[in-house]
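Down below is the structure, laid out as structure tokens.
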Amino acid sequence: LLAQLENMAFFYSELALVHYAMLVYPPSVTAAAAVYAARSTLGMNPPWTDILEHHTGLAEPQLLYVLR
């Protein structure tokens, strides 16, 4: 499952690189959003944990804004 998560996060990161609208976000925010999207796609609950929030400094609502 961790290998799938890693591959999916890389996929979403690369996808963000080709979308011009994503350039307004810092790379750290884009990376965190990619991890959130990967966890959500793989059905991991919760998609954003307190530990991830602590290490990134980003709350789930902030990531949902980027993902839209």
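Looking only at region 1-27, count every residue that is out of contact with any helix residue (DSSP H, G or I) (no Cβ under 7 Å at 6 or more places or on another chain), in a helix (DSSP H, G or I) and either open to solvent by less than 50 Å² (accessible area, probe 1.4 Å) or under 21 Å from HIS55 (Cα atoms) (or both) and tell me the total.
Result for region 1-27: 6.
For region 29-68, how many residues are in a helix (DSSP H, G or I), polar (S, T, N, Q) and open to solvent by 40 Å² or more (accessible area, probe 1.4 Å)?
Going through region 29-68 one residue at a time, the tally reaches 4.
Results for (1) hydrophobic (A, V, I, L, M, F, W, C); (2) more than 11 Å from the chain's Cα centre (by Cα), shown as yes or no for each residue.
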position: PHE10; (1), (2): yes, no
position: ALA34; (1), (2): yes, no
position: ALA38; (1), (2): yes, no
position: THR41; (1), (2): no, no
position: MET44; (1), (2): yes, yes
position: PRO47; (1), (2): no, no
position: GLU53; (1), (2): no, yes
position: LEU63; (1), (2): yes, no
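Just checking, does region 6-16 include any residue being on the phi < 0 side of the Ramachandran plot, modelled with pLDDT under 95 and touching a Ser or Thr at 6+ places or on another chain (Cβ under 6 Å)?
Yes, region 6-16 contains a residue that is on the phi < 0 side of the Ramachandran plot, modelled with pLDDT under 95 and touching a Ser or Thr at 6+ places or on another chain (Cβ under 6 Å).
The values are calculated or read from the model by the stated rules, or taken from the named source; none is laboratory data. Everything numeric in this text was worked out from a predicted model, so none of it was measured. Because the Cβ atoms are built from the backbone with ideal geometry, glycine has one as well, and the counts that use them run over all protein chains shown. Surface accessibility is based on the protein's heavy atoms, side chains included, excluding ligands, DNA and RNA. Shrake-Rupley method; radii C 1.70, N 1.55, O 1.52, S 1.80 Å.
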